[in-house]
Amino acid sequence: MEFPSFSFPFFLAPMEAVNCASFRVLCKRRGASLVYTDMIDADIFAEFLQNNSKEKAIARFINPQKEEYPLAIQIAGANLDNLRATVQVIQPLATIIDYNIGCPLGYMCGKKAGAYLMKHPDQLYKIIRELREMIAQPFSVKMRSGWDKDSINALQVAIELESLGVDAIAIHPRTRKQKYQDRSDWNLVREIKAHIDIPVILSGDVTNAYMAHMAFAHTKCDYIMIARGAKNNPSIFKELHEYWKTKEQPQKPAVQFLKDEIDAKKDFFEFLRLYNKVEQRNNLSEIKDHARWTARGCKANIVVTREIEGANDVQKISDIINAIRF
Ligand SMILES: Cc1cc2nc3c(=O)[nH]c(=O)nc-3n(C[C@H](O)[C@H](O)[C@H](O)COP(=O)(O)O)c2cc1C
């Protein structure tokens, strides 16, 4: 099974507690050619399935929307029974299934999953063989560079995963230990791209069209997935479409997250409308998160952030967003 081909090479990267269905649809509308769900922990999903119907599990953990397809669903975990139970349910809904071996969080590594598996490749390969058997559609793996700077092994792991039948590799080229420190290592992505034939998806530090141009030129990667750049500015996909028409090197922007004030507000209010329509919950702190990300980079950002945190309802948050200036 091959990874599908995308003529516009920019995806929304998986982000836990960010990529709810409404945010995915918003990024799709702004032009992302593929969107990822946030990580589904197979242990939690399988436990939920024991007491609830499949339909309830799908609504709660994925909430897929027609408009967002094609859809990549990301899973994580190391327990094969739980992974199997999860794959069985999500398989009919996923265009692509992505397996996360980059998660640096303690609770994930503590149960020998996520980035732990980069440190223990034999355990990883055993799981990949089983997953490859279970998964009928395109199957990708998202990794980091390695565990720490003394054990960077993404190249060897990528080569082995290709030989085990994985259809694409996404890489956030920082070690588990680095978390988000330093720049991501695009040289490593270039090296991996030179050694494998399956698509390579870069995930790291692309926050505008200029960085996208540099990343393609430097690494020759096939695709780029955007995480923080989209979280803070979903209209980044609009900017990337403009760039992709000519592919000419854009000017280096003065600030990292270049935002258009009108677009930023439009993005927030469209997200709100989607949220009301699509989500089965009304969680003010989630809406505040998106408001803070929208406001990022605006004038008096510190004051605005404090105001958002103190707001008691959606109307107040909307008034604050309406009044911000960049
Ligand atoms: C809030 C947040 C949540 C994330 N959650 C996930 C996740 O669920 N699965 C995953 O593979 N990566 C996750 N990541 C990592 C991103 O997908 C991406 O690899 C990383 O942020 C580097 O890309 P960027 O420079 O475009 O942000 C998350 C990142 C952020 C900022």
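A few comments on the model shown:
- Accessible surface for segment 10-246, divided over its residues, is 38 Å² per residue with a 1.4 Å probe.
- Segment 256-310: C-alpha gyration tensor shape, a/c 1.5 cut-off, then a/b vs b/c: oblate
- Relative packing of peptides 209-219, 244-254 - highest average C-beta neighbours within 10 Å first: 209-219, 244-254
- Alpha-carbon centroids, segment 79-157 and segment 198-236: separation in whole Å: 22
- Alpha-carbon Debye profile of the chain, log10 I(q)/I(0) at 0.09, 0.11, 0.15 Å⁻¹: -0.46, -0.70, -1.29
- Accessible carbon and sulfur surface of the chain relative to its total accessible area, %, 1.4 Å: 49
- Computed about the Cα centre, the dipole magnitude for segment 10-246 is approximately 480 debye when only Lys and Arg (+1) and Asp and Glu (-1) carry charge, each at its Cβ.
- Neighbourhood net charge (11 Å Cβ-Cβ; Lys/Arg +1, Asp/Glu -1) for MET108: 0
- Contour excess over end-to-end distance, with Cα ends at LYS111 and ASN51 and 0.36 nm allotted per residue: 19.3 nm
- Residues of type lysines that LYS112 reaches as a straight line, Cα spacing below 23 Å, ignoring anything fewer than 8 places off in the same chain: LYS126, LYS142, LYS149, LYS177, LYS179
- Average accessible surface for segment 261-323: 55 Å² per residue, computed with a 1.4 Å probe over protein heavy atoms with every protein chain in place.
- Helix-derived mean residue ellipticity, 222 nm - over the chain, DSSP H n ≥ 4, -39500 (n - 2.57), to 500: -14000 deg cm²/dmol
The values are calculated or read from the model by the stated rules, or taken from the named source; none is laboratory data. Please read all numbers here as calculations on a predicted model, not as lab measurements. Note that we place each Cβ from the backbone using ideal geometry, even for glycine, and neighbour counts take in every protein chain shown. Remember, those area values only see protein heavy atoms, side chains included, never the ligands or the DNA or RNA. Shrake-Rupley method; radii C 1.70, N 1.55, O 1.52, S 1.80 Å.
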